[in-house]
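Trainee: If you scroll down you'll find the structure; I have some questions about it.
Every read-out reported here was derived from the displayed coordinates using simple, explicitly stated rules and does not represent laboratory data. Owing to the predicted nature of the structure, the values given are computational and were not obtained by experimental measurement. Reconstructed Cβ throughout: ideal geometry from the backbone, glycine too, with neighbour counts over all protein chains shown.
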Amino acid sequence: MAAESRIGTKLRAYCSSCRGDRNCEIKGHHREWGDDARNGYQWDTNWYLLVCCGCDHVFAQSVSTNSEDYYQEYDYQGEVITVHEETIRSWPAKSKRERPDWLGHNGVETNIDNVDALDSSLAELYGALDHDLNVLAAIGIRTSFDIAAEVLGVDSSKPFQKKLDEMVAKNLIRDSEREHLDILIDAGSASAHRGWKPSLSDLDTLMDTLESFIYDAFVLPARKEAAAAKIAKIKARVPPKQKKAKPKTEASKTNGKDDHSAASPPQSKQATL
């Protein structure tokens, strides 16, 4: 049986560029299906090449169902109907964590030089999160922190504990942050060396810590510097206050009259003959 082509029709799908469900035009469609007659198992997968109608982003998506994953509900007539659960996968993958506003296509918003390695590490880290690679994401969190510390001038040859000591001494982090970063480092080490697989909730907490550290160390100083430059330009455009002449006091007026009288020549008196 030939599969019905859906090319040219519309499909509601998540656009990773718009970051939301959008109407998408189907540019390519391929269907695969099959069954296991002995076990009574059936499966069906539709592959789509989609173009977002909102931003023209091109991506691929698969929608799969099978005879084992379903639930039942009532229709509007009160009849029981079977609804098969859909498994949807997209390429590029749907974002599992929103990127912060200071992390754009050009990397971290900062005035610090030589952050290319940090930008690359963060790009791979968010990619691991999007694709549910939890162990690699935990290792990537530790790696991104390590790269960020080196960019800030911390000796890369030191063990992690010594790096944290140096960062506290240089006022790059506060004592209260040290404990959280220590846990972040140990979590990455546990995934790399002790077989620990964190949950998505665990990764969210670790990412909060990493993003907070990067914001305070890289982004906030740049934003403060930019704000200072803007306020300096405004200050240069604001006209200065005009100095007002001091009003004469009553004492100065009286003194002025007295001075004038004293300066006038005395009236000559006519001699009496």
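Trainee: If R₀ is 45 angstrom, what is the calculated FRET efficiency for the pair VAL51 and LYS241, using the beta carbon separation as r and rounding to 0.05?
Mentor: Rounded to the nearest 0.05, the efficiency is 0.15.
Trainee: Express in whole angstrom the spacing between the alpha-carbon centres of region 74-123 and region 189-215.
Mentor: Rounded to whole Å, the Cα centres lie 17 Å apart.
Trainee: Would you work out the relative contact order for the chain, in percent, from Cα pairs under 8 angstrom that are 6 or more residues apart?
Mentor: 11 percent
Trainee: Still on this structure, I have one more. Provide, for q = 0.14, 0.16 Å⁻¹, the log10 of I(q)/I(0) from a solvent-free Debye sum over equal Cα point scatterers in the chain.
Mentor: Values, matching the q order: -1.10, -1.23.
Trainee: When only DSSP loop residues count, what trypsin sites (Lys or Arg not before Pro) in region 1-104 have their Cβ near at most 11 other Cβ atoms within 10 Å?
Mentor: Listed in order of number, the matching sites are ARG38.
Trainee: Right, another one. Report the local net charge at VAL135: Lys and Arg +1, Asp and Glu -1, summed over other residues whose C-beta lies under 13 Å from its C-beta. Don't skip to the end; give the middle numbers.
Mentor: Details: positive: ARG142, ARG194, LYS197; negative: ASP132, ASP202.
Residues near VAL135 contribute +1 overall.
Trainee: Does region 10-91 come out rounded, prolate or oblate, given a ≥ b ≥ c as the square roots of the eigenvalues of its C-alpha gyration tensor, rounded meaning a/c under 1.5 and, failing that, prolate meaning a/b above b/c?
Mentor: oblate
Trainee: Pairing the Cα long axis of helix 134-151 with the longest principal axis of the chain, what angle in degrees results, from 0 to 90 and rounded to the nearest 10?
Mentor: Computed tilt is about 30 degrees.
Trainee: If you line up the long axis of helix 175-193 against the longest principal axis of the chain, both from Cα atoms, how many degrees apart are they, to the nearest 10?
Mentor: Its long axis makes an angle of about 20 degrees.
Trainee: If we sort 217-228, 144-155 on the protection proxy, mean other Cβ atoms within 10 Å, highest first, what's the order? Please report the intermediate quantities before stating the final value.
Mentor: Values: 217-228: 14.2, 144-155: 19.1.
Result, highest mean Cβ count within 10 Å first: 144-155, 217-228.
Trainee: Under the rule of -39500 (n - 2.57) per DSSP H run of 4 or more residues, summed and divided by the residues of the chain, what mean residue ellipticity at 222 nm is obtained, to the nearest 500 deg cm²/dmol?
Mentor: -13000 deg cm²/dmol
Trainee: Ok, one more. If I fit a long axis through the Cα atoms of helix 116-130 and take the longest principal axis of the Cα atoms of the chain, what angle between them do I get, 0 to 90°, rounded to 10?
Mentor: Relative to the chain, helix 116-130 is tipped by roughly 50 degrees.
Trainee: Which Cys in the chain stand alone, with every other cysteine's Cβ at 4.7 Å or more from theirs?
Mentor: Among the cysteines of the chain, those whose Cβ sits 4.7 Å or more from every other are CYS24, CYS53, CYS55.
Trainee: Please report the net charge: other residues with Cβ closer than 14 Å to the Cβ of THR45, K and R +1, D and E -1.
Mentor: Details: positive: ARG6, ARG31, ARG89; negative: GLU32, ASP35, ASP44, ASP69, GLU85, GLU86.
Taking every other residue near THR45 into account, the sum is -3.
Trainee: Beta carbons within 10 angstrom, averaged per residue: use that to sort the peptides 125-136, 46-57, highest first.
Mentor: Most protected by this proxy first, the peptides run 125-136, 46-57.
Trainee: Work out from phi, with θ = phi - 60° and the Karplus expression 6.51 cos²θ - 1.76 cosθ + 1.60, the ³J(HN,Hα) of each residue of region 227-234, listed in order in whole Hz, and give x for Gly and Pro.
Mentor: 5, 5, 5, 5, 5, 5, 5, 5
Trainee: With the Cα gyration tensor of region 108-160 giving a ≥ b ≥ c as the square roots of its eigenvalues, does the rule (a/c under 1.5 for rounded; else a/b larger than b/c for prolate; else oblate) give rounded, prolate or oblate?
Mentor: Oblate is the answer for region 108-160, as a/c is 1.5 or above yet b/c matches or exceeds a/b.
Trainee: Give the peptides 182-191, 237-246 in descending order of average Cβ contacts within 10 Å, highest first.
Mentor: Highest mean packing first, the order is 182-191, 237-246.
Trainee: Counting other Cβ atoms within 10 Å, keep those with at most 16, restrict to DSSP loop, and tell me which trypsin sites (Lys or Arg not before Pro) in region 112-211 are left.
Mentor: Sites meeting the loop and neighbour criteria: LYS170, ARG174, ARG194.
Trainee: Out of the GluC sites (Glu not before Pro) in region 1-102, which ones are loop residues according to DSSP with at most 14 other C-beta atoms within 10 Å?
Mentor: GLU4, GLU68, GLU79, GLU85, GLU86, GLU98
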